[in-house]
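All remarks here apply to the structure that follows.
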Amino acid sequence: MQLTLSIPALLFPAISLTMLAYNARYLAIAGLIRQLHKQFEETEAAPLKRQIDSLRKRLEIIKNMQATAIASFLLAAVTMFLVYVEYVILANIIFGVSLVFLMVSLILSLVEVQLSTKALGIQLKNMEN
């Protein structure tokens with residue numbers, strides 16, 4: 001397959017939208033952490049500490065999701081430059097690495113969604129009791 005400028009350019013909107021979604025998740029979790037921290041300072045309840053610990057783990061995953069998506073975005077731009085200056089073999093390698101970073105980012109996103117769903121299930125179970 002011949003790598004052209006348009007192929008890595010196709011990743012730009014996908015990665016941009018992914019970054020927006022990741023940023024929204026980050027902002028939601030950051031707000032929740034601030035809210036839970038205030039409650040924890042007032043009550044020092046053990047369930048709140050567990051939630052805060054879980055949110056810390058999710059925040060770390062989101063940071064890694066964002067980092068790998070940014071790396072993918074940057075490498076897609078490098079690929080376009082390499083295609084432009086006609087370093088096709090290196091462009092193919094860099095583009096492959098860019099795709100790997102994007103896949104890692106998406107896998108991390110799946111893990112974070114699973115943790116989020118598990119945390120919500122625990123919350124629902126606590127409300128039922």
Any chance you could count how many residues in the stretch 1-30 are of a type in the set (A, V, I, L, M, F, W, C) and farther than 18 Å from S72 by Cβ? 6
Looking at the stretch 106-122, which of its residues are of a type in the set (A, V, I, L, M) and either within 12 Å of S54 (Cα to Cα) or without any contact (Cβ under 8 Å) to a residue 60 or more places away in the chain (or both)? I107, L108, L110, V111, V113, L115, A119, L120, I122
Answer yes or no: is there a residue in the stretch 15-31 that is surrounded by fewer than 14 Cβ atoms within 10 Å (Cβ to Cβ), modelled with pLDDT of 90 or more, assigned to a helix (DSSP H, G or I) and of a type outside the set (S, T, N, Q). no
I'm told I52 meets every condition in (1) at pLDDT 80 or above; (2) open to solvent by less than 70 Å² (accessible area, probe 1.4 Å); (3) within 22 Å of K118 (Cα to Cα) except one. Can you identify the failing condition by its number? (1)
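The values are calculated or read from the model by the stated rules, or taken from the named source; none is laboratory data. Just so it is clear, the model here is predicted, and its values are computed rather than measured. Heads up, the Cβs are rebuilt from the backbone with ideal geometry, glycines too, and the neighbour counts pull from every protein chain shown. SASA here: full protein model, heavy atoms, side chains in, ligands and nucleic acids out. Shrake-Rupley method; radii C 1.70, N 1.55, O 1.52, S 1.80 Å.
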